Structures are given as C-alpha cells and as structure tokens.
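Got a structure for you, questions after.
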Amino acid sequence: MQVQNQRSLTSNRWVRLGISLGGVLAFFILWEGASRTGWLRPDVAPSFMDTAAELGSLLPQSDFQAAVRDTLSAWLFGFAVTAALAIPIGLLFGANPWAWKWFHSTFEAVRPIPPIVLLPLAILVMGSGRSFTTVMIGQGVFWIILLQVTYGSTVIAPVALDTATVFRVGPWRRYLIFRLPSAAPIIATGLRIAAGISLAVEIMSELIGGVPGVGQLLISAQAGNDLPLIYALTGFTGLLGLIVAILFRGLERFALKNHGPKGGAE
Amino acid sequence: MKEILLAVRHSRWLKFIALPLVLIVAYQLWASSAQSPFFPTVGVIAVAFVETWGGDGFVENVVPSLTNLAVGYISGVILGLVLGVLLSRMTVVRIAVMPIVSFLLALPAVALVPLFITVAGIGPAMSQSIIAFAVTLYVLVNTVDGLVKVDSGLVDVNHVFRIRGWRQILLVLLPSIAPRLLGAGRAALSLSILIMVVSEMVGASAGIGAVTLLSQQSFQYSTMWAGMVMVAVLGIGLNALYLMFERPMLRRSGISPMARTIK
Amino acid sequence: MASSASRTSLVEVSDLSITYDGRFGKHLAVSGVNFDVRPEELIALVGPSGAGKTTILRCIAGLLSPDGEDSIKVDGKPIKGPTEGISVVFQDYSRSLLAWLTLQGNVMLPLRAQGVPRAEAKKRAREALADVGLGGKETWHPWQLSGGMQQRVAIARGLACNPRILLMDEPFASVDAQTRMDLEDLVLKIKNEFKISIIVVTHDIDEAVYLADRVVVLSKSPSTVSRILDVDFPTPRTQEETRVLPEFGEIRAVALDLVRHPKTETV
C-alpha cells in the first residue's frame, strides 16, 4: 500500500547528507577499483588516486596559482562590467514599455547567437588581453542579463502599481519600493545563469584565444598528452564552476528571502 | 479587419528587422570608409559566405558539423530523459549520485574539450560525445527536478485511477513538466551549438568552427566573417526552428508560452 | 447505528484513527471516527476547517493508510490502497485534469490503464461525457472550459470507471454560486440514475443538507463524530423547493451549531 502519511527515512536531512557522502565516496572507490583491475585503461582515464595526487601537487605551484588568479580576475571583471551595463539598461527598458516593444523581438533574436561568434575577430582586433575577455563575456551574457532584468521589472503585479498610484508614490520611490524588490529574485536568477556562462566563455577564450589562465594550462596539457594533468585541471575547473554556482545560489536565496515561501519566479 | 491584422503583422516584422537593419547599414557605411582589412564590406562578406558555405563547402564543412550536432543533441536528449525518469523513481540512488551530477553540471562543458580530444581523438566522435554528455546532464537534471516536484494532485490521480507504467510516465508525468523540459531542451540546443563550434575550433580540420578559425589564422578575413555570420545564423535559425516546434507543443500542454520562466 | 446496519452497509468506518508523521513529530488528525455508508446513499462529511474531512476521504480512497489495518471496510474487506469500484472527484480540477489530453482522453485514461479495450473505453468515455452534459465536446481540452464545466469532466472520469462508490472532495469549492447549484443537481441526478453511493466532503453546510441522505458532523482536530443527522426530504429534491422546507432550516441550524460550537455537544 502506498504509505504517504509516514515520512520516509530519506526525508531526514542527515540521512540524505549521509547518502550523498556515501555516493561520492562510492564513486571514488569505483573509479579507483576500475583502474586497478585494469577495466579502466590508463589511456582513457588515470586512477582516482593519481588524479587526486596530480591536483594536490598542482595547488602549491605558483604558475598554477597565477593561472587561477588570471581566470578568476578576468571572469569577475568581464562579468561585473557586463552586469553593470546590462542591469541599468534593463531597468530602463522595464520602466519604458514603449521602447521595450520596439527592441524586445530583436533582443530575443540576438540572444541565441553563440557567445563564441566574435572570438576570431576580437582576437584579431584586441589581442588576448583583458579587453578581449571582457568583450567576449559581454557578448555572451549581456542579452541574458538584460532580458531577465527587463522581464523581472515588468512582472510586478498591476495591483501593486495601482497601490502606488492610489497612495501617490513618486516615481523614484515607486521604482525603489515597488518595482525593484519584485524584480530582485528574477534578476538574481539571471545573474546566476550569466555568471556560469561567463565562466564558460572565459575558459573558452583561454582554450582558443590563448588568454592566460586555467584553460591555457588545459590546452598545453592536452598538447603534452598528459592525462592525469588534464583530468586534474578539468576537475579543478568543475570545482570553480561549482563554487560560482553555490555563491550565486546564495545570492538568489537572499534576493528571495523577503518574498515569502512562494515569492518570485519559480 | 483584414487590413488591420496585416498592418499589425507588418509592424511587428518591421520592429523585428529595424534595429539589425540600421546596424548593418551603419556597418556598411563605416566599413566602406574605414577600408580596414579586418572589416570587409557587407557585399564582400556575402560573396565569401556563398563561396565558403555553398557547393563543396556545404558538403565538406556544414553537413559534418550539423550531423555532429544532431547526433550529439538527439542522443543526449533521449539519454537524459530516460536516465532522468529512472533516477526520479529511485530515491536513494538519486540522492547518492546527485552531488556528482551537480558537479558535472557546474563544470563548464567547453572545458571538457581537451579531455575528450585526448581520449576520443580528433574527429566526429569527439564532438558528438561532448555534446551528448552536456545535453544528457542538462536534460537529466531538469527531468529529475521536475518529476520529483511533480504536482501532488497528479500523483493522487495516478494512484486513485491506478495509472501505471508507460502510461503514467508518457501521458501524465512527462507532459506535466513539458514547459520546463522544452525550456531545458532549448538551452541545451544553444549549448550544443557552442560546444560544436568550440570543439571544432580546438581540434578539427573540417567543420564550421575549424574553417572560421583557420581562415582567421591564414589572414582570409572575409572567409572568417563568413564563418562568424554562419555561426550567428545557425544560432538564430536553429533557435527559431526550435520555437516553431515548441509553440504547438506548449499550447497542447495547456500552458501559454509566455507563462514559462527561465530556469 | 454503524454496527447494527453492518449487513446492509457498503462502507464501514469503525474506530478510524489517523496519525500523521509531521514535521514536528506525530500528529493525531482523526481519532475514533465511526460511520457507515449504505448502498445508493449519499453521505456528506462536514466539520470546521482543519477537521480532517479530506484526510478521512483520502483514507477511503486508499491514498492514506489509517492507524488500524481494518478500520475501513468495503463489502467487509479492509481497504488496501486504491480499490476497484471506488472513484474520486478531486477538489482542484485544474490539477487533477490533464490539460494536454482532450476531454475524451482524460476520461479514457483510467479505463485504458485498467485494460479496457480502446473501442469500448472510447464508447464509455463518450457516454460519461454525455451524462454530465458535455456531449459533443469530446475533442476539447479542459482549459477551453469554465471551472464548473471542468469539474463535470472530472465527474465523468469518475463515473466512466463504473464505480459503486464515488468520493468527492470539496468538489464545488472553487466555482461560483450559480454553477454550484447546477453541479449539486447533477450529483443528485447521478446518484439516482447510476444507483451508486456517494461521499461528499464539504465545508458548506447548506450544500451538505441539500445533497445528503445523512450528514456526518465532525468535530475539530483530532476529529471525532459529533453527530450523524438523518435528512429525510421528499424526492426529487429541487433547489427552489427543498431549500425552503422548514426541516431544511432545522437540520441546517443543528449542524451549524455543532460545527461552530463543537464543545457544547458530544455523542
């Protein structure tokens, strides 16, 4: 019989955490075991221990640390500049439906252009410096942030705007007290998505454009056919992505905090 | 009445092309006066486009790229759906594998290119497997998440009317999360195009991405522009194609396309 | 009453207790409820909000398990999960109907899941839709209908399975008053035509008295039965005539008092 009034064991937070940790552990053990028994050939993947050891030996190296710094600073710079441009423009469009009607379909059409499209030209014109990565990131996520911000600032309930009108709230307050808070969670979601894509674009620029950073280390490891190094670097990139995702999830949760359990979009 | 409808249509079309048209004209004026080798005029780009991607170029470069894209994308979608449905039914396994899955999802897919080149070698298998890998993950996560949070009302309907097996999955559960799945499919398609181009730029001698980057490195800037235009057109075109197929599906699922939000 | 009528009763609820495993530990929602349902009888469950009416209904539907294994019996057999012959009309039609299927598809799905051949399932679905006044709209989708009409589809889906017992959980809570009356009359019509037993959970005492042969009044959580009221109006009942009967007012007043001041009376 379908027992729904009994809370199952897996709804306990600690049990879940235990299973998750067990899953990760099991994954590592299986990986290591597959390598040791020869089922996982070393030309496909190094063993877990070798990969972990490789990553461990990477961390203290100064050129690796410099590469991480390069990647993170270029990513953060490009993302911050893009967000600083896209958010105000998006808010303006959000407050001006007429202008939005004109540009909306164009923006929607531009968004699916792959963020790599400008790369060949941009390297040519700008070389592989900070301005190049910034342009690449900007081209990749500007539209995403802009559309999300505009969408966010137009979803405000008409009742809330009517309330503002009835109480004769001035335009500035109207924006600060009524529009922005209702837009915040959606903007935060847009920023989270954009942050992830920005990191991908940064790595991509390093892979193809020769920009210094973790991606460039990956390319040289590939050229040297150094599998443990490739696995370690790829794994490290994943950790970077995970940290960025977790940080921006936190931001999103914070933005949602004042909206009650069901506030915001999804 | 007919005229009014036509006028509305007309103006929407106008709105759609107004800004791009202005930009293209402005670019043309600027490019013809600047005379920079990096910025050929629109006419030169158009000629290069036809020369590069027409005829043999189409068979040698466009077809393989699109084949890789289609194979990787479609197998990824199917695998993601199947694994997603399976994982949504196995609570303990799901909780156990989710940390690994979220790690792989957070890993920028383009960073996998060097690894896959080393393991799978340069060639179509490499592009296809990265695309399939990334799409599988993306579809899987959205399927699992959607199915785990599926409306309890539907769960009741399944129990009371004893709807089980494939009927439950295909007629009740998956359609109920169709808007989310379709959104995920669209995002996964964009990601696939990106991976296709990046993997070709890093490790291929044929294909759209390879031709574009090679022409840049050999100073054939009009060909490079033809490649950039091709990448942009593919992105826009495939997205439009997807929307055309998505809209009737959404309408059938009883949800207006506007009601969907980005994940 | 419940024990003496056990021979003729279709559903027996005896000493039903339901405990939830809530976030804050165990929570007793229903405590020792007794009532029975006879063939072709309409029972209404009323009570203050949070009285566990829906919880009891979910137990009969087999969606929840009661504390005692055999505290709910149908034909003398304890309920073990969703049972053939028991159909449910859920409160929220927008969640329980499948928007992506046509009306016919919605009604057919449970039949097909039970292995009814396609042609017969189709025929029964069409008949059921016609019975609730939706003939000719088989290819429509639920979202093309008003709320009241959608709830009719849910009723048709319940009926198509040829149930002996139809459970209705606040079926008309989200439709307007006019539509509500039409749907109430539809329920009475169904009961008479199909000779089935119906259990309706409602918070509306007027509705309960109008529809029911007996009204089971529940107390606040943990709910117990405050009293079972016999409703013996001349048939056929009509909105205009039945609601102005003096007996209607009397029963209504008693039920209302029990619901609003549960402490003043116990069984």
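Between A:ILE89 and A:VAL155, what is the FRET efficiency for a Förster distance of 25 Å, r being their Cβ-Cβ separation, to the nearest 0.05?
Given R0 = 25 Å and the Cβ-Cβ separation, E is 0.90.
Report for chain C the percent antiparallel among DSSP-assigned beta bridges with both residues inside it, nearest 5.
On the way: 19 of 37 bridges.
About 50 percent, rounded to the nearest 5.
Could you size up the charge dipole of segment A:145-266 around its Cα centre, putting +1 on the beta carbon of Lys and Arg and -1 on that of Asp and Glu, and report it in debye to the nearest 20?
Values: 9 positive and 6 negative charges, 163 e Å.
With only Lys, Arg, Asp and Glu charged at Cβ, the dipole is about 780 debye.
Same structure again: Averaged over C:106-114, how many beta carbons belonging to a partner chain fall within 10 Å of each residue's beta carbon?
So the per-residue partner count for this stretch is 4.
Along the charge dipole of the protein assembly as shown, pointing to its positive end and built from +1/-1 on Cβ of Lys, Arg, Asp and Glu, which listed residue (B:VAL148, A:HIS104, A:GLY196) has its Cα farthest out?
It is A:HIS104.
Right, another one. Taking the Cα centre as origin and putting +1 on Lys and Arg beta-carbons and -1 on Asp and Glu beta-carbons, what dipole magnitude results for segment C:1-90, to the nearest 20 debye?
In debye, rounded to 20, segment C:1-90 gives about 240.
If you don't mind, there's one more thing I want to ask. Report the charge-dipole magnitude of chain A in Debye, nearest 20, computed about the Cα centre from +1 at each Lys and Arg Cβ and -1 at each Asp and Glu Cβ. Please list the in-between numbers first.
Values: 18 positive and 13 negative charges, 279 e Å.
So the magnitude is around 1340 debye.
Kindly state, to the nearest 0.05, the FRET efficiency for A:PHE77 paired with A:ILE243, given R0 = 25 Å and r defined as their beta-carbon distance.
According to the calculation, E is roughly 0.90.
For the full complex of protein chains and a 1.4 angstrom probe, list C:TRP143, A:TRP98 by accessible area with the highest value first.
Greatest to least solvent exposure: A:TRP98, C:TRP143.
Applying 1/(1 + (r/R0)^6) with R0 = 35 Å to the Cβ-Cβ distance of B:VAL82 and C:GLU84, what FRET efficiency is obtained, to the nearest 0.05?
0.65
For chain B, take the longest principal axis of its alpha carbons; what is the angle in degrees between that and the long axis of helix B:42-53, to the nearest 10 within 0 to 90?
Taking the Cα atoms of chain B, the angle to B:42-53 is about 60 degrees.
Could you state the number of Å between the C-alpha centres of segment C:73-114 and segment B:14-45?
After rounding, the separation between the Cα centres reads 62 Å.
Where does the protein assembly as shown land at 222 nm, in deg cm²/dmol rounded to the nearest 500, when only DSSP H runs of n ≥ 4 count, each adding -39500 (n - 2.57), divided by all residues?
Details: 29 runs with 489 residues, N = 796.
Helix-only estimate at 222 nm: -20500 deg cm²/dmol.
In addition: Which one, C:VAL46, C:THR8, C:THR102, is farthest towards the positive end of the dipole of segment C:1-110 when Lys and Arg carry +1 and Asp and Glu -1 on their Cβ?
The residue sitting farthest along the positive end of the dipole is C:THR102.
Please identify the DSSP H helices in chain A that span no less than 24 Å along the helix axis (Cα) and have a mean Kyte-Doolittle hydropathy of -0.5 or more.
Numbers: long enough: A:13-36 (34 Å, 0.82); A:62-95 (49 Å, 1.19); A:130-154 (34 Å, 0.88); A:180-209 (40 Å, 1.34); A:227-256 (43 Å, 1.58).
Length and hydropathy pass: A:13-36, A:62-95, A:130-154, A:180-209, A:227-256.
Also, I was wondering about something else. Under 1.5 on a/c is rounded, so check that first for segment C:190-229, then, if it is not, pick prolate when a/b is larger than b/c and oblate when it is not; a ≥ b ≥ c are the square roots of the alpha carbon gyration tensor eigenvalues.
prolate
Strictly over 32 Å apart at the Cα level, which of B:LYS149/C:LYS189; C:LYS80/C:LYS195; C:LYS26/C:LYS191; B:LYS149/C:LYS123 would you flag in this model?
Working: B:LYS149/C:LYS189 38 Å; C:LYS80/C:LYS195 24 Å; C:LYS26/C:LYS191 38 Å; B:LYS149/C:LYS123 35 Å.
As for pairs spanning more than 32 Å Cα to Cα, those are B:LYS149/C:LYS189; C:LYS26/C:LYS191; B:LYS149/C:LYS123.
Enter the accessible area of B:PHE39 (Å², nearest 10), with the probe set to 1.4 Å and all protein chains included.
It works out to around 40 Å².
Using the alpha-carbon atoms, what tilt in degrees (0 to 90, nearest 10) does helix B:2-34 show relative to the longest principal axis of chain B?
Helix B:2-34 sits at roughly 50 degrees to that axis.
Here is a further query. Under a cut-off of 17 Å between alpha-carbon atoms, report the aspartates and glutamates in cross-link reach of C:LYS73, not counting same-chain residues fewer than 8 places apart.
Reachable aspartates and glutamates: C:GLU12, C:ASP15, C:ASP36, C:GLU40, C:GLU41, C:GLU84.
In addition: Work from the charge dipole of chain B (Cβ charges, +1 for Lys and Arg, -1 for Asp and Glu, about the Cα centre) and give the residue of B:VAL77, B:PRO248, B:TYR138 farthest towards its positive end.
Comparing the listed Cα positions along the dipole, B:PRO248 ranks first.
Work through the residues other than C:TRP143 whose Cβ is under 12 Å from its Cβ and net out their charges, Lys, Arg +1 and Asp, Glu -1.
+2
Inside 10 Å of the C-beta atoms of B:161-169, what's the mean count of C-beta atoms belonging to other chains? Numbers along the way, then the final one.
Values: counts 13, 9, 6, 1, 1, 0, 4, 2, 0.
Mean inter-chain Cβ contacts per residue within 10 Å come to 4.
Could you work out the Kirkwood radius for chain A, taking every pair of different alpha carbons, averaging 1/r and inverting it, reported in Å?
On the way: mean 1/r = 0.0460 Å⁻¹.
Kirkwood hydrodynamic radius for chain A: 21.8 Å.
Mind grabbing the interface size between B and A? I mean buried accessible area, both sides, 1.4 Å probe, in Å² to the nearest hundred.
Chains B and A together bury roughly 4900 Å² of accessible area.
May I ask what percent, to the nearest 5, of DSSP beta bridges between residues of the protein assembly as shown are antiparallel?
50
Can you tell me the Rg and the Dmax, both Å, for the Cα atoms in segment A:15-166?
23.9, 75
Given a 1.4 angstrom probe, what's the average accessible area per residue across the protein assembly as shown, in square angstrom?
Result: 47 Å² of accessible area for each residue.
Taking amide H atoms as placed 1.01 Å from N in the peptide plane, list the residues 5 or more away in sequence, or in a different chain, whose amide H sits under 5 Å from that of C:LEU167.
Residues meeting the amide H criterion: C:SER87, C:VAL88, C:VAL89, C:ILE199.
Which value in nm describes the separation of the simple spin-label points at B:LEU21 and A:LEU176, placed 7 Å from the Cα toward the beta carbon?
Using points 7 Å along Cα→Cβ, the separation is 4.3 nm.
Which whole number gives the average count of other chain Cβ atoms within 10 Å of the Cβ atoms across peptide A:95-102?
Per residue, the average neighbour count from other chains is 1.
At a 1.4 Å probe radius, carbon and sulfur cover how many percent of the accessible area of segment C:89-150?
Values: 1340 of 2670 Å².
So the carbon and sulfur contribution to the accessible surface is 50 percent.
Testing the spin-label approximation: label points 7 Å from Cα along Cα→Cβ at B:VAL155 and C:ASP15. State their distance in nm.
3.1
By how many degrees, between 0 and 90 and to the nearest 10, does the Cα long axis of helix C:177-194 differ from the longest principal axis of chain C?
Roughly 90 degrees, rounded to the nearest 10.
If you don't mind, there's one more thing I want to ask. Simple spin-label model, 7 Å along Cα-to-Cβ: C:ASP206 to A:VAL15 in nm?
4.8
The values are calculated or read from the model by the stated rules, or taken from the named source; none is laboratory data. What you are looking at is a predicted structure, and each value in this text was computed from that prediction instead of being measured. Neighbour counts are summed over all protein chains in view; Cβ atoms, including those assigned to glycine, are modelled from backbone coordinates with ideal geometry. Each accessible area value is taken on the protein alone, full model and side chains, heavy atoms only, with ligands, DNA and RNA left out. Shrake-Rupley method; radii C 1.70, N 1.55, O 1.52, S 1.80 Å.
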